[in-house]
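Below you'll find the structure, written out as C-alpha cells, and then a few comments.
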There are 4 protein chains.
Amino acid sequence: MAETSPFLRLPTEAFKVEAGLRADEILARMARISFQGRNLASAFQVWRKMLADDVFIFLGVAGALSAGGLRSILAHLITRRWVDCVVSTGANLYHDLHETRGRRHYIGDPQTDDAALQAEHIDRVYDTYAREDEFVDNDNWIADFACTLEPRAYTSRELLGRLGAHLWHETGEDGILTAAYRAGVPIFCPAIADSSIGMGLSQGRHRRSGIGQIDVIGDIIESANLVIRRRRTASIVLGGGTSKNFINQASVQADFYSPGIGGHRYALQVITDVPHFGGASGSSLREAQSWGKVATDADRATVQADATIALPLLAAALESLAPERPQGAAPKFDLSGRVMSMDGVPFPDGRYEVAR
Amino acid sequence: MAETSPFLRLPTEAFKVEAGLRADEILARMARISFQGRNLASAFQVWRKMLADDVFIFLGVAGALSAGGLRSILAHLITRRWVDCVVSTGANLYHDLHETRGRRHYIGDPQTDDAALQAEHIDRVYDTYAREDEFVDNDNWIADFACTLEPRAYTSRELLGRLGAHLWHETGEDGILTAAYRAGVPIFCPAIADSSIGMGLSQGRHRRSGIGQIDVIGDIIESANLVIRRRRTASIVLGGGTSKNFINQASVQADFYSPGIGGHRYALQVITDVPHFGGASGSSLREAQSWGKVATDADRATVQADATIALPLLAAALESLAPERPQGAAPKFDLSGRVMSMDGVPFPDGRYEVAR
Amino acid sequence: MAETSPFLRLPTEAFKVEAGLRADEILARMARISFQGRNLASAFQVWRKMLADDVFIFLGVAGALSAGGLRSILAHLITRRWVDCVVSTGANLYHDLHETRGRRHYIGDPQTDDAALQAEHIDRVYDTYAREDEFVDNDNWIADFACTLEPRAYTSRELLGRLGAHLWHETGEDGILTAAYRAGVPIFCPAIADSSIGMGLSQGRHRRSGIGQIDVIGDIIESANLVIRRRRTASIVLGGGTSKNFINQASVQADFYSPGIGGHRYALQVITDVPHFGGASGSSLREAQSWGKVATDADRATVQADATIALPLLAAALESLAPERPQGAAPKFDLSGRVMSMDGVPFPDGRYEVAR
Amino acid sequence: MAETSPFLRLPTEAFKVEAGLRADEILARMARISFQGRNLASAFQVWRKMLADDVFIFLGVAGALSAGGLRSILAHLITRRWVDCVVSTGANLYHDLHETRGRRHYIGDPQTDDAALQAEHIDRVYDTYAREDEFVDNDNWIADFACTLEPRAYTSRELLGRLGAHLWHETGEDGILTAAYRAGVPIFCPAIADSSIGMGLSQGRHRRSGIGQIDVIGDIIESANLVIRRRRTASIVLGGGTSKNFINQASVQADFYSPGIGGHRYALQVITDVPHFGGASGSSLREAQSWGKVATDADRATVQADATIALPLLAAALESLAPERPQGAAPKFDLSGRVMSMDGVPFPDGRYEVAR
C-alpha cells in the first residue's frame, strides 16, 4: 500500500483542550476527530454553506424541544433568518406558547413517583414538569382565540401566523410563534390534530360550530409551492417525526408538478433514532436520495445526538460565524392572507403553481 | 437477609429449548426469563387481559410496518376484533393500499447505491424497495377517488372508511383498509397531511376545487367521544409517533369533558425509541400516568424491540390463546356517515358528548 | 424503469398469521418481510449454512445472558455441538455457575428502590435480582477450587475446563460450564479479570500465594492456533463486548502467522449497540471485512435485537431444522492439559503453529 | 395544586444564544434546560465536586476514543490530575501508542467499500482509517519491547507503566501512556488479552518463551487495595465496557475485605448504551447502588451521548473552572516496582490490605 492511497488523504487531529474555547472553536476542532463529534462539525459546515448559498431553508422540529429548553434558540434561528420556514409538531408550539404566556416548565426527575405527580396534577416530560391547570388554561386560551376567527378553513400555516400575531400583541414576549410572526416566517404544523393546540381548537368548536377547521391538505400545496417557486432548497431537521417527512414530501411533490427540482441541495439532521428499524425518523439522508427528497450531490450531515446538546453548540457557533446570506436568499413573506405571498407574489389558491 | 425477602418471590427459569415450540409456548417460557424477552411475554399477557376484560381497544401504528411486511397481521388483528379502533400514520395505510392494489414491495439492501436507485426511480425504505411509478399511480388513484366525493370536509376517519370501501369494491383484496371496512373498525389518521395519501388528496384538489378537505379537528372530537362513551379503554402502540400520542390525547380530552375516566386501563407498547431524549415516541408508560393518559393501576408492558420481530410472535400466540371477548366489549360501528354511530347510537356532530 | 430492474428481483411477502406456528415456521415467514424480522431469519439461515459446511464455529457471549435466563440455551448449543468453541465474559460463566450450584435469580423490577435492595443485600441486573450472600458464597467456592490447583499459570481456557469438570462432579447439573466440560468444548474468557470469577481467584491468592495465575496471553495463542489449524471458521456473536473482538482477533492473528486464512467464512451477530459511535460492540460485519476479520465473501447477518428474544427463536428453530454437520467438522478436543489437543493432535506450547 | 408543590421548585430556563460562548458558559446554561443537555451539565458539576472533595478518582475508558480523536484530552486529564487512575481497554492504549509513535488515523467514510479497503490493507473504525502495515509494525514494536523484559509475570498496571516509560524515552511525545508515565498515574487494562497489545505480547512469546505473562488477577488485587487504602473514591466512565465494571468491582472487592467503604462517593458516566437490555455497559448508576458499587447517597450523573461530543465540552470547561484539589487528594505513586506504592507506602504483594 502506498502512502498515497486515495483513502488516506487527511489524518485526524486529536482534540486539544484549551481554556476558554468558544463553541465555534470547539466545532472547528471536532472537524478533525471522528464519530459524532466530527458529524456535529460537519453539520455546522453544512449549515454555513446553506447560508452562503442562494437556497431556501426549511427547519423541521420534533421531539420535546420547547419543553426541553430550546425554544429561545429556535426563536433566535428565526429572528436571525438562519431558516426561512419552520415545520413543527404541535407540542413544540404549544410548549412555546405556554412559556410565552408566562408559564414555566420545571426541573424534574425521571425516577419520580408518577402517581404522586398525577395526584398533584403535574405532567412529566422525562425530567421536566409542568402544571396541568396551566395547560388547561392554555387550551382554553386557544379555544378563545379560535372563537375570534371567522369560521372557515385555515391552513395550519395561516392559523399559526394569526396565533403568533395574537400572542405577540397580548404578551410582547419572544418565543417561536412570536418570533415567526415578527420575522414573517411561515410555520407549518401538519400533525396539528395530534397536539394540545388541536385539543384547544376542538374545544373552540365544542363551544361554537364551525370553529377549528384546519386545511392540512392546503398546507401540502402551499409548502410544495414554496419549493416550486424557489427550486433550490435546504433541509434542517431536529428530531425526525412528521416534520422531517413533511419537508421532504414538499420537495417530492414540487418535483411532480415542476420536474427537475431534484431534492434538497443541503440536508442536515440531528436525530437519536436509527435507520435499521425502518422508521422515517431514523432514516438516513442517503436513503432520502433514492426518493429524490435530497439531491444525490447534496451536502449532508447526520448527527446522532440529543438536540439539547447539539443545538446550543451549533447556534452559539453560528452566532460567531454565520455568513451573510446572499441578497434575496431569505424571501419576504406576507402571511396575513388565506394564501401567502412571497416577495410580493401570491401563491395560487388551492392549486400547484404550474405553467399552463 | 431472609430467604423470605419480598423482593425474592419468584425465581427466573432458564429458557429450555425443545423442537416444535409454538409461538405461545415460546412466550410462556419467556415470561420467566429477563429483559425484553420477559417484557414481550408480559405484553402478550396484557393483551390477553384486555381481550378478557370489557374494554375498548385502540391500536396505534407508526413506523413502516406495512412496507415492512406486517400489513396482513394488522388486518388480521382487525378482522379478529382484537382491536376496536386503529390510529395510523398515513404511510402505513398508503403502503397497505399499494399492496392491496396488487403492487409489491421488494427485498432490498440497506447498503445499496441510492443514486442508482434514484436513476431507476426506485424508492428505498431501509432494506425494502418500491417502484416510484407505482407510487405515482397510487397518488393518482387517490386523487381520482377524492374527486368522486362530494366536496365537503371529511374527518380522516370518514375519508378512510370510504377509501377502504372503495378499495374493497375495486379489488376484493384483504389488507388493513379493506379489513377495517369489512369489520366496521374506524381508522384515524391525525397526520394524514404528512403522507402520500395527503399528497394524493392535494392532487385531487389541484384538479378540482374543494376536494381534499380533511377535518382533523373533527377526528380529535370523535376519538375522544369514543372514550367518553366507553370510558374503559386500552392502548396498544406499535412504534410510537403521532398514533401513540393521539390515542393518549383522546383519553385526556375525554376526561376533561367527562371527569373520572382516568386513563387507559391497559397499555402496551412495542417501541425502539428510548425515554431519555424526551420525545413522545420513546416515553414510558409510567410517565403517561402523570398525565392521566394511562391509569395509575393499569396493567402495562413496554417491549423494546422491532415490531417485525415482536408482532408476528404476539399475533401467532394470540391465534392460539386469545380469550373470547366479553359480550358487547367489541362495539358495532356504523361508519358510513359524517359522524359515526356506535352500537346504534350516533356520536354528537362537532361536539363532545357531555351531559347537559 | 423496466419490471426487470435487477433491484426488484424478489417481492416481500406479508407475514400471515396462523395458529400453532412453530419457531422455524415463524422464521421462514420472516425471511420475506423487512427490517430486523428479516435479519433474524437471515441469521437463522447463516447458522444453518455454518452447520452444513465444514467450518469451525466460534460462539461469543456478552451481556447478562445467563442472569437473563439464556444459560440453558447456551448449554444446549454446546451439547448439540452447534458451536465448537465459546468465548464468554466472566459474568455469564459466573451466573451460570450460580444456578448450576442451585442458586437462583429472581424476577425483579427495574423501577425498584435500589437503596432498599442494597439494605437487603440484593443485587440487581436491570429487572433481575440475586442474593449477595450467595454471590459471596460462590466467590468463596471459586477461591476454594482455585486453591486445589497446583500454583502455576493456567490459560482461562484450561482453568474453565477444570472448573467445569469440578462443577459437574460436584453438582451433576447441566449448565454452560458443565455442558462444555461434558462435550469437550473449550471456553475462553479473555476478560476474566473483569468478573466475579476473577474476584474469586484473587481471594484464592489472598489465602495462598501463587494461586490465580491466569495466562490470558496464552489464550490468544491457543485461540489463534485453532484458526490456523482449521482455517475455515465461523463466528456467532451475542451481544458484542470482548468476546466479539477476541474471536475476530483470533482470525487476524492466525492470518499473520499463516497467511491466506482471510477471515471468518460466516458471521452472524445479535446486538443492540449501533455502529455510529465507533465502538467494537456495535461495529458492522462489513467494517470487519476491512480488517480481514470476516471474509469479503462471507455469509453474514446482523440482527438488532435483544438476545432474550432472538436466541430462543433461533435455538428452537434449529432444534427442528439444524442440518447434520459434515463428518469431522466438529472436532474432538482433549482439554485436560495445559495445552489442548484437537482430534488427537496437540497444539504447540506458547507458540503459534507455523511451518518451520 | 399549590404553586408551592415540592415538585415545582426550580423552573427551567430556555438556553439563550450569544456570540462567543465558552464551553463552561454553555454548560452553565445547559444546567437549566432538560434531557441530555442538563445531564451533561450535571456531569460537569459532579466532576467539579469530585475535584473539590478528598476522593480518589478512577477514569474508565472504553469505545474507540483514541482512534476517535480523544487521546490528547485523555492525556490532558491525566497530566492535570483530574483523574488518579485509569482503567482502559487495550484498543485505546494501542491506538494511543500508534499516534505517539508518529503514525496517524485518517478521516474516512462509513459508507465506503470495505473490500476495497481490505485490498489496500486499510482498517476501518466506523469513519476512521488506519494502515494495517503500521499496525503490524506496532505489534512488532510491542513484541520487541516485551522481549526486553525479564520473563516473569507483570500486572497489566506494571507492564503498561513500563511500556509508557519506554515509549516516552523513545518518542518524547505526549499521549495517554506517556502522560501517565510522566504523571505517575497507574493504568490498568483488565482485558488486555482482547487487544492488539495482547497480540503484540503473544508475538513476543512466540519469539521467546516466558514473555508476555500478564497477571490480571494481580490487577484485581492492586486496584481493590487502592480503594481499601483511600476508601473515598469516585468513578468517571466513558463508554462502559470492561473498564466500567472493573472500577466498580474494585470498590465491591475492597468492601469485602474492609467493610464500610460503601461504594463510590461520586459517579458519572458518558454512555450510549441503554439499561433495558441488561448489559453492564448501559446499566444505570442507580442499579449500581444495589450492588454497593456506588454509594446510595452519591452524587451521580449519566449522560447519554457520544464521548466525542461530550468529552471535549467537559474538558474545555474544566480547563476554565476545575477547582484546586485538596492537599493530598491526588496521591503520589511509585509505579516502578512489581507492586506499586502510594504516597511512599507500598501495597501488599499478592494480598489484600487488611488489618491482621
_Let me spell it out: the conditions are (1) farther than 21 Å from C:ARG157 by Cβ; (2) touching a Pro at 6+ places or on another chain (Cβ under 9 Å), and C:ALA355 meets all of them except one. Which number is the exception?_
(2)
_Failed item, numbered, when C:PRO312 is tested on (1) more than 29 Å from C:ARG351 (Cα to Cα); (2) at pLDDT below 95_ = (2)
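Yes/no matrix, rows are residues, columns are (1) touching a Lys or Arg at 6+ places or on another chain (Cβ under 7 Å); (2) within 14 Å of chain A (Cβ to nearest Cβ); (3) in contact (Cβ under 8 Å) with a residue 12 or more places away in the chain:
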position: D:ALA280; (1), (2), (3): yes, no, yes
position: D:ALA295; (1), (2), (3): yes, no, yes
position: D:ALA307; (1), (2), (3): no, yes, yes
position: D:LEU313; (1), (2), (3): no, yes, yes
position: D:ARG338; (1), (2), (3): no, no, yes
position: D:GLY344; (1), (2), (3): no, no, yes
position: D:GLY350; (1), (2), (3): yes, no, yes
_Residue in the range D:235-242 that is assigned to a helix (DSSP H, G or I), more than 17 Å from D:ALA146 (Cα to Cα) and either in contact with a strand residue (DSSP E or B) (Cβ under 8 Å, 6 or more places away or on another chain) or not acidic (Asp, Glu) (or both) present_ = yes
*Among the residues of the range B:148-195, write down those that are assigned to a loop (DSSP other than H, G, I, E, B) and more than 24 Å from A:GLN253 (Cα to Cα).*
B:GLU150, B:GLY172, B:GLU173, B:ASP174, B:GLY175, B:GLY184, B:VAL185, B:PRO186
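Can you give me the number of residues within the range B:76-124 that are acidic (Asp, Glu) and over 30 Å from B:PHE56 (Cβ atoms)?
So the count comes out to 5.
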*Does the range D:1-24 hold any residues that are more than 7 Å from every other protein chain (Cβ to nearest Cβ) and part of a helix (DSSP H, G or I), and which are they?*
D:PRO6, D:ASP24
*Could we say that D:ALA322 is within 14 Å of chain A (Cβ to nearest Cβ), modelled with pLDDT of 95 or more and either under 20 Å from D:LEU59 (Cα atoms) or open to solvent by less than 10 Å² (accessible area, probe 1.4 Å) (or both) here?*
yes
*Among the residues of the range D:33-70, write down those that are within 11 Å of another protein chain (Cβ to nearest Cβ), over 11 Å from the mean Cα position of the chain (by Cα) and open to solvent by 10 Å² or more (accessible area, probe 1.4 Å).*
D:ARG38, D:ASN39, D:SER42, D:ALA64
*Condition broken by C:GLY239, with the remaining ones in (1) in contact (Cβ under 8 Å) with a residue 60 or more places away in the chain; (2) under 28 Å from C:ALA31 (Cα atoms); (3) surrounded by fewer than 22 Cβ atoms within 10 Å (Cβ to Cβ) satisfied*: (3)
*Just give me the residues in the range A:18-71 being closer than 20 Å to A:GLY263 by Cβ and in contact with a Gly (Cβ under 8 Å, 6 or more places away or on another chain), in sequence order.*
A:ASP54, A:GLY60
*Restricting attention to the range A:79-101, which residues are away from chain D (no Cβ under 11 Å) and open to solvent by 20 Å² or more (accessible area, probe 1.4 Å)?*
A:ARG81, A:THR89, A:ALA91, A:ARG101
*Can you give me the number of residues within the range D:261-292 that are under 16 Å from the mean Cα position of the chain (by Cα), open to solvent by 10 Å² or more (accessible area, probe 1.4 Å) and either charged (D, E, K, R) or within 18 Å of D:SER34 (Cα to Cα) (or both)?*
1
*Hey, among the residues in the range B:103-133 that are more than 10 Å from chain C (Cβ to nearest Cβ) and not polar (S, T, N, Q), which one's nearest to B:ILE192 (Cα to Cα)?*
B:ASP123
*Selected residue (only one of D:PHE246, D:PHE256 is closer than 30 Å to D:ALA52 by Cβ, open to solvent by less than 10 Å² (accessible area, probe 1.4 Å), aromatic (Phe, Trp, Tyr) and assigned to a helix (DSSP H, G or I))*: D:PHE246
*Of the residues A:LEU59, A:LEU51, A:LEU27, A:LEU40, which single one is at pLDDT 95 or above, under 16 Å from A:LEU77 (Cα atoms) and part of a helix (DSSP H, G or I)?*
A:LEU51
*Number of the condition not met by C:ALA355 [criteria: (1) surrounded by 20 or more Cβ atoms within 10 Å (Cβ to Cβ); (2) over 18 Å from C:GLY161 (Cα atoms)]*: (1)
_Suppose we keep only residues that are facing chain A (nearest Cβ under 9 Å) and part of a helix (DSSP H, G or I) within the range B:208-222. Which one would you say is surrounded by the fewest Cβ atoms within 10 Å (Cβ to Cβ)?_
B:GLY218
*asked:* Tell me yes or no: at least one residue of the range A:175-192 is without any contact (Cβ under 8 Å) to a residue 24 or more places away in the chain, open to solvent by less than 10 Å² (accessible area, probe 1.4 Å), within 25 Å of A:LEU238 (Cβ to Cβ) and not small (Gly, Ala, Ser).
replied: no
*Of (1) over 18 Å from A:ASP84 (Cα atoms); (2) open to solvent by less than 30 Å² (accessible area, probe 1.4 Å); (3) in a loop (DSSP other than H, G, I, E, B), A:ALA295 satisfies all except one. Which?*
(3)
*asked:* From the list B:THR155, B:THR178, exactly one residue is under 17 Å from B:CYS85 (Cα atoms) and either touching a strand residue (DSSP E or B) at 6+ places or on another chain (Cβ under 6 Å) or not β-branched (Val, Ile, Thr) (or both). Which is it?
replied: B:THR155
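Considering only residues that are without any contact (Cβ under 8 Å) to a residue 24 or more places away in the chain, part of a helix (DSSP H, G or I) and open to solvent by 10 Å² or more (accessible area, probe 1.4 Å), which ones fall in the range B:102-136?
Scanning the range B:102-136 gives B:ALA115, B:ALA116, B:GLN118, B:ALA119, B:GLU132, B:ASP133, B:VAL136.
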_Step by step: first the residues of the range C:298-309, then only those that are among the hydrophobic types (A, V, I, L, M, F, W, C) and in a helix (DSSP H, G or I), then the one that is farthest from the chain's Cα centre (by Cα). Which residue is that?_
C:ILE309
*Those residues that are more than 7 Å from every other protein chain (Cβ to nearest Cβ) and closer than 22 Å to C:ASP306 by Cβ, I need them from the range D:268-278; list them, please.*
D:GLN269, D:ILE271
*Quick one: B:GLU150 ticks every box in (1) in contact (Cβ under 8 Å) with a residue 40 or more places away in the chain; (2) over 24 Å from B:GLU134 (Cβ atoms); (3) surrounded by fewer than 23 Cβ atoms within 10 Å (Cβ to Cβ) except a single one, so which number is it?*
(1)
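Looking at the range A:283-291, can you tell me whether even one residue there is touching a Ser or Thr at 6+ places or on another chain (Cβ under 7 Å), small (Gly, Ala, Ser) and away from chain D (no Cβ under 12 Å)?
Looking through the range A:283-291, none of the residues is touching a Ser or Thr at 6+ places or on another chain (Cβ under 7 Å), small (Gly, Ala, Ser) and away from chain D (no Cβ under 12 Å).
The values are calculated or read from the model by the stated rules, or taken from the named source; none is laboratory data. Quick caveat, the model's predicted, so the values are computed rather than measured. Methodologically, a virtual Cβ is constructed for each residue, glycine included, from the backbone with ideal geometry; neighbour enumeration extends over all protein chains shown. Please note that ligands, DNA and RNA were not included when accessible areas were found on the heavy atoms of the full protein model with its side chains. Shrake-Rupley method; radii C 1.70, N 1.55, O 1.52, S 1.80 Å.
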